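Participant: Starting off with a structure, shown below.
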Amino acid sequence: MVLVSAVRDYVYRMLQDISGMKVLILDSQTVSIVSVVYSQSELLQKEVFLVELIDSISKSKESMSHLKAVYFLRPTSENIQYMRRQLSNPRFGEYHLFFSNMLKDTQIHLLADSDEQEVVQQVQEFYADFIAVDPYHFTLNMPSNHYYILPAVVDPSNLQHFCDRAVDGIGAVFLALKRRPIIRYSRASDIAKRIAHETAKLMYQQESGLFDFRRMEMSPLLLIVDRRDDPVTPLLNQWTYQAMVHELIGIQDNKVDLRSIGKFPKDQQEVVLSSEQDAFFKANMYENFGDIGMNIKRMVDDFQQVAKSNQNIQTIEDMAKFVDNYPEYRKMHGNVSKHVTLVTEMSKIVEERKLMLVSETEQDLACNGGQVAAFEAVTNLLNNESVSDIDRLRLVMLYALRYEKESPVQLMQLFNKLASRSAKYKPGLVQFLLKQAGADKRTGDLYGNRDFLNIARNMARGLKGVENVYTQHQPLLFQTMESIIKGRLRDVDYPYVGNHFQQGRPQEVVIFIVGGTTYEESRSVAQLNASNSGIRFILGGTAVLNSKRFLKDLEEAQGIARSNANVV
């Protein structure tokens, strides 16, 4: 429960000690931070009768002196300006200001100068500057996620903003956990190195007092890696529940917007998928698609039993019992229809796009050798009328990443076929991916064919057979975590920052992926955490990717690179 409880605890402390009717005022980022850990009804219990965004509250002039205002904002200069304007003409009886990260002295002076009517009761830093989507998985929801792909010279000021936000988020996670880590990074990545060094500077120099927690026997490890070390995972179709919903429909801040895929009743247009609030989802989020169908059927059967017993109301006692149980019954009804809807819609998409066929080839490209068979399989799928443009593009990308060195001639044939078959195909996107995340650019052994141990492991897996051809792929992150557990993470691939080294095995590890995480990777983290290896892993990143978002980032970076052709 580690990250979710840390943020919940901050929100609880903000609201608990302020009695009476409150308005909670958030910004576009803190609204996500709060909404993934606190439901609307929980806020109501804390006497929060209104939740507003800071920019929309600025437009209103109406006085609400009977309400106490609780602000929870990121300490950006824009938010400080909003606060100054609002304090110069206060509308609420009291102002309680909470910031999600460190305030600069100058910002505190600006706020103090603006508070001429002395309505501000307190100003505090509560380090919840990250979105805790799951207990061991956080994201920073960075809108301009594509900057990690570009060299620093292309857009220095935006890249600096990108790095600053990453450092702020990582710093807040460690302040919330009350730890100061040893820091390592992926050798081949300039941006991972930059963020690692800037994080070390923050923790060991600029704010060393703030991070000076009680020494543990073993410092935690912060490992900063680059999405380009494993471009395969975000390109694959997914077959476990949470990852599959994100891949086929999309999850944003633990909410699924169904309006994009069809007409639904008003109460079902947006549904919440949270392991904190939904016991069925918590039990099934990492299960594969086949098992989910069976488990949902069981849930429907249970619900029908409850519904049947509710129809049998004969006495006043029965009626009273029904009324008492009704909220639970409504919740159960909502839950059943939510999961049935999601699985039904995903089944339609799988059938329409022939994803089982496509996915089998994807998994082969990601996990098994055999270039001749792979070329034939990809060619057949490119010729298949039922396969969509985006699936064709992903197949060619997966083939290119796997066989860029071995079969340049066949690769050109696939490029040409893709260009002729897919109207949407952006020329050069596959080549751009190879240039950015090809074999020469990656740290780690993505296909398990360089390192003798990995070759042996792949052979063993081949002999044993796989229980499910659709979920045989394991992300590179899984190997990285295994190396950490065995104490085999190579210093040459993942150097340390400064002169802080690790003796022995850490007990806590935060792995931050610049460029974004996937739900397949967060599943690997949850599985390893459940295996009692003696190490607790936490995964974080700049965004949560599915293949659509990964390709969009790639296209945006390619567009900027084209207009700066002389520097890229």
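The values are calculated or read from the model by the stated rules, or taken from the named source; none is laboratory data. What you are looking at is a predicted structure, and each value in this text was computed from that prediction instead of being measured. Here the Cβ is made from the backbone with ideal geometry for all residues, glycine too, and neighbour counts use every protein chain on show. Accessible surface areas use protein heavy atoms only, side chains included; no ligands, DNA or RNA. Shrake-Rupley method; radii C 1.70, N 1.55, O 1.52, S 1.80 Å.
Participant: What FRET efficiency comes out for ILE108 versus GLU42 if R0 is 30 angstrom and r is the Cβ-Cβ distance? Round to the nearest 0.05.
Facilitator: Values: r = 31 Å, r/R0 = 1.02.
The pair ILE108/GLU42 has a calculated efficiency of 0.45.
Participant: Between the DSSP loop rule and a limit of at most 10 other Cβ atoms within 10 Å, which GluC sites (Glu not before Pro) in segment 128-229 are left? Could the numbers behind the result be given before it?
Facilitator: Numbers: sites: GLU198, GLU207, GLU217; in loops: GLU207, GLU217.
Of the GluC sites (Glu not before Pro), the ones in loops of segment 128-229 whose Cβ has at most 10 other Cβ atoms within 10 Å are GLU217.
Participant: If you roll a 1.4 Å probe over the heavy atoms of the protein chains, what accessible area per residue do you get for segment 121-202, in Å²?
Facilitator: Values: 2660 Å² over 82 residues.
Solvent-accessible surface per residue comes out at 32 Å².
Participant: Under a Cβ-only charge scheme (Lys and Arg +1, Asp and Glu -1), can you give me the dipole magnitude of the chain about the Cα centre, in debye to the nearest 20?
Facilitator: Numbers: 65 positive and 69 negative charges, 208 e Å.
In total the dipole reaches around 1000 debye.
Participant: Kirkwood Rh, Cα Rg: Rg to Rh for the chain?
Facilitator: Numbers: Rg = 25.5 Å, Rh = 25.9 Å.
Here Rg/Rh amounts to 0.99.
Participant: Could you do me a favour and compute the accessible area per residue for segment 354-433, 1.4 Å probe, result in Å²? Spell out each step's value before the answer.
Facilitator: On the way: 3400 Å² over 80 residues.
Heavy-atom SASA per residue in segment 354-433 reads 43 Å².
Participant: Take every DSSP beta bridge with both residues inside the chain and express the antiparallel ones as a percent of the total, to the nearest 5. Could the numbers behind the result be given before it?
Facilitator: Values: 9 of 51 bridges.
Rounded to the nearest five, the antiparallel share is 20 percent.
Participant: Taking the Cα centre of the chain as the origin and placing charges on Cβ (Lys, Arg +1; Asp, Glu -1), which of PRO408, MET397, GLN45 is farthest toward the positive end of the dipole?
Facilitator: Farthest along the dipole direction, towards plus: PRO408.
Participant: What does the helix-only formula give at 222 nm for the chain: each DSSP H stretch with n ≥ 4 adding -39500 (n - 2.57), the total divided by the residues, and the result rounded to the nearest 500 deg cm²/dmol?
Facilitator: Values: 21 runs with 277 residues, N = 568.
Rounded to the nearest 500, the figure is -15500 deg cm²/dmol.
Participant: How would you order 520-526, 501-507 from highest to lowest mean count of nearby Cβ atoms within 10 Å? Provide the component values of the computation, followed by the final result.
Facilitator: On the way: 520-526: 24.7, 501-507: 13.4.
Answer by packing, highest mean first, reads 520-526, 501-507.
Participant: Using a cut-off of 22 Å between alpha-carbon atoms, which lysines can reach LYS68, once sequence neighbours fewer than 8 places away in the same chain are excluded?
Facilitator: LYS22, LYS46, LYS59
Participant: Using a 1.4 Å probe on the protein heavy atoms, what percent of the accessible area of the chain belongs to carbon and sulfur? Please report the intermediate quantities before stating the final value.
Facilitator: Values: 13350 of 26340 Å².
Answer for the chain: carbon and sulfur cover 51 percent of the accessible area.
Participant: Contour minus end-to-end for SER19 and VAL153, with contour as 0.36 nm per residue of separation and end-to-end as the Cα-Cα distance?
Facilitator: On the way: separation 134, 0.36 × 134 = 48.24 nm, distance 5.18 nm.
Full extension from SER19 to VAL153 adds 43.1 nm.
Participant: Now for a different question. So between MET218 and GLN269, what do we pick up on full extension, going 0.36 nm a residue minus the alpha carbon distance?
Facilitator: Working it through step by step, the gained length comes to 13.6 nm.
Participant: Compute the distance from the alpha-carbon center of segment 148-205 to that of segment 34-71, in whole Å.
Facilitator: Segment 148-205 and segment 34-71 have Cα centres spaced 33 Å from each other.
Participant: Could you tell me the largest-minus-smallest coordinate of the C-alpha atoms of segment 1-120 on each of the three principal axes, in descending order and whole angstroms?
Facilitator: 41, 31, 24
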